[in-house]
Every structure is written in C-alpha cells, then in structure tokens.
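A short reminder: the numbers here are calculations on the coordinates, not readings from a lab. All values reported here derive from a predicted model rather than from experimental measurement. Backbone-built Cβ (ideal geometry, glycine too); neighbour counts: all protein chains shown.
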Amino acid sequence: MIKKIFLSIICVVSLISSELTLMTEDYPPYNFPDKNNQPTGISVDIVRQIIKHTGDKDNITILPWARSYHAVLTQKNQVLFVMTRTKQREKLFKWVGPITSNNWVIFAKKDFKGTISSLEQLKDKKYTIGTYKSDACETFLKNNGFENLSSVPDDILNVKKLINNRIDFWIAGEYQGILRAKRVHKSNKIKKIFNVKDTEVYIAFSKDVDDKVIKRWQKELDKLKENGKYQKILDKYLN
C-alpha cells in the first residue's frame, strides 16, 4: 500500500514538473493583449488550437521579450512564441512551425525623400536605426556590423521616436510595424522603404522538452494547416 502511494506521488510530481510554461509577447498581429488584457492574435489562436489536442494547460502569459527569451534559454519546460528561426538560434531551442512569414523591413517617416537600395547604405553613421532589445532584427544588424543602433525595451517607442525625429529609421516585421503604428494613430506618418530579409516565425521550446512533445505539437499544427482552420485564423487577423 505504501509502495503504491509512493509511486502515485512520483507520478504526480512528474506531471507537475513536465508542465509547459507558455509565454508570448506584445507583437501584433501574432500575439498581443486584447481590450481585456488577455492574450490574442494569430499565434495565440494557433497554440490554443494545438493544446486542445495535446492536453497542455492554457497558461499563456504576455511578458517582455528579453525576459521570456532568457527564460526559454535557461529554464526547463518553457515555450516561447513566436520566434524568428535563425542560424544563430537553431541549436539553442527545439522548434515547431513555421507559424507564418514575418518579413523584416525598414520604415522611415512618410516625408523621407532619399533612396535606400542596399543594407550597406544604412550603416552610415549619419543615420540612427531604432531596434527592439534582443529581437532577431537587432541581432541580425549587430551580426552584420551595424553600430548605429538605438535599442528600446518596448518596440512601440520606436514609432514615437521615428515620428519625433529621434531616429532616422526603424527595423521591424512588416505586419507588426504597421499595426504598432496604428496603435498610436501614426500609420499614415510612416512608410516602408526597404526589404531587409524574408523570415518565418516558429514556436520555440527549451532544449529539455521531450522530442515526443515536439512531434505531437508539430503534428497538430500540420493538421490545422490541412483542415482549413489555420487559414481561417490568418484571415481573421490579416484581412
């Protein structure tokens, strides 16, 4: 009897220790707080469809990117979405996806008259480029030798800084940048001037997560894409 109780306790502890912590950030249209401050967006809807079938808890929390990135990098049973899958990050996490595309672009003020035809032009020290702290766009520019960056912990600050001439350009995901500008009623004040890189975003898992979990999540995502629910989610936020 005592042995059975002991084994039951071990099973319960095992279940608790393997519970996934689901984290996201304010990064529209993929993930952002609704009017009631609850997580919503393309990736949130997709993850919720997935966990309906995997049995994982809906404990999605919106956190600052740098904090959640550090957690999924250093702690067990962590899930962070969405994350751009890059060469530098490839071996740091386990991946499910892709969720969708997330093309990086350079934004300028609407009245910008110059012409940017190459990334190298933007390295000119007369320019300052607004970046989001620890974001893949920022890392990409740093890895390519950019030193004229101005990093902020909240990407919406870059919209305000751009409009107020405190930075010359802003790098961001195209959809995300447009929607952030709409939030502060400045979407008519900025424009896309240069395509930097075509990328895709994924769900990232801490390295300790069992491969069986990864396969199960990938299987459920693939099903969503096959049965039409995935496209309905995209249409809900992008059309």
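With +1 assigned to the C-beta of every Lys and Arg and -1 to the C-beta of every Asp and Glu, and no other charges, what is the dipole magnitude of the chain about the Cα centre in debye, to the nearest 20?
Around 240 debye, computed over the chain.
Loop by DSSP (not H, G, I, E, B), at most 16 other beta-carbon atoms within 10 Å: where is the longest site-free stretch of the chain for GluC sites (Glu not before Pro)?
Result for the longest clean stretch: 148-239.
Under 17 Å Cα to Cα from Lys232, which aspartates and glutamates show up? Leave out anything in the same chain fewer than 8 places away.
In chain and number order, the partners are Asp45, Glu220, Asp222.
If all Cα-Cα distances of segment 104-197 are sorted into 5 Å bins from 0 onward, what percent lands in each bin, rounded to whole numbers?
3, 15, 29, 29, 18, 6, 1
About its Cα centre, what dipole magnitude does segment 104-197 give when the only charges are +1 on Lys and Arg Cβ and -1 on Asp and Glu Cβ, stated in debye to the nearest 20?
Its charge dipole is roughly 440 debye.
At a Cα cut-off below 26 Å, give the lysines reachable from Lys191, other chains included and same-chain residues fewer than 8 away excluded.
Hits, sequence-local ones excluded: Lys109, Lys110, Lys113, Lys123, Lys125, Lys126, Lys133, Lys142, Lys160, Lys161, Lys182, Lys236.
Rg to Rh for the chain: what is it, with Cα atoms only and Rh by Kirkwood? Write out the running numbers ahead of the final one.
Numbers: Rg = 20.0 Å, Rh = 19.3 Å.
Dividing the radius of gyration by the Kirkwood radius yields 1.04.
Where does each of Val184, Val96 land when they are ranked from fewest to most other beta-carbon atoms within 10 angstrom?
Ranked by crowding around the Cβ, least crowded first: Val184, Val96.
How do Met23, Met83 rank when sorted from fewest to most other Cβ atoms within 10 Å of their own Cβ?
Met23, Met83
Given 0.36 nm per residue, what is the gain on full extension from Asn165 to Lys87 after removing their alpha carbon distance, in nm?
24.7 nm
Of Leu224, Ser134, Ile50, whose Cα points farthest to the positive end of the dipole of the chain (charges on the beta-carbon: +1 Lys, Arg; -1 Asp, Glu; origin at the Cα centre)?
Ser134
What residues have an amide H closer than 5 Å to that of Thr131, excluding those fewer than 5 places away on the same chain, when H is modeled at 1.01 Å from N in the peptide plane?
For Thr131, the qualifying residues are Ser150, Ser151, Val152.
Run the dipole for segment 152-239 about the Cα centre, Lys and Arg Cβ at +1, Asp and Glu Cβ at -1, nothing else charged, and hand back the magnitude in debye, nearest 20. If you can, show how the numbers build up before the last one.
Values: 21 positive and 13 negative charges, 94 e Å.
Value, rounded to 20: 460 debye.
Nearest-5 percent of antiparallel DSSP beta bridges in segment 108-239?
So the antiparallel bridges amount to about 25 percent of the total.
What spacing in nm lies between the two simple spin-label points modelled at Lys182 and Arg48, each 7 Å away from Cα in the Cβ direction?
Rounded to a tenth, the inter-label distance reads 1.9 nm.
With the dipole of the chain worked out from charges on the C-beta (+1 for Lys and Arg, -1 for Asp and Glu) around the Cα centre, which of Asn195, Pro29, Ile178 lies farthest toward the positive end?
Checking the options against the dipole of the chain, the answer is Ile178.
In the chain, with Lys and Arg counted as +1 and Asp and Glu as -1 at Cβ, which of these residues, Asn144, Asn102, Thr115, has the Cα nearest the positive end of the dipole, that is, farthest along it?
In the chain, that residue is Thr115.
What trypsin sites (Lys or Arg not before Pro) does segment 71-109 have in DSSP loop regions with at most 14 other beta carbons within 10 Å?
Working: sites: Lys76, Arg85, Lys87, Arg89, Lys91, Lys94, Lys109; in loops: Lys76, Arg85, Lys87, Arg89, Lys91.
Counting only loop positions with at most 14 other Cβ atoms within 10 Å, the trypsin sites (Lys or Arg not before Pro) in segment 71-109 are Lys76, Lys87, Lys91.
Run the helix sum for the chain: -39,500 (n - 2.57) per DSSP H stretch of 4+ residues, divided by residue count, reported at 222 nm to the nearest 500 deg cm²/dmol.
Mean residue ellipticity at 222 nm (helix-derived): -12000 deg cm²/dmol.
For segment 44-115, state what percent of all Cα-Cα pairs lands in each successive 5 Å bin, counting from 0 Å until the bin that includes the largest distance.
Whole-percent P(r) values from 0 Å outward: 3, 11, 19, 21, 17, 10, 6, 6, 4, 2, 1.
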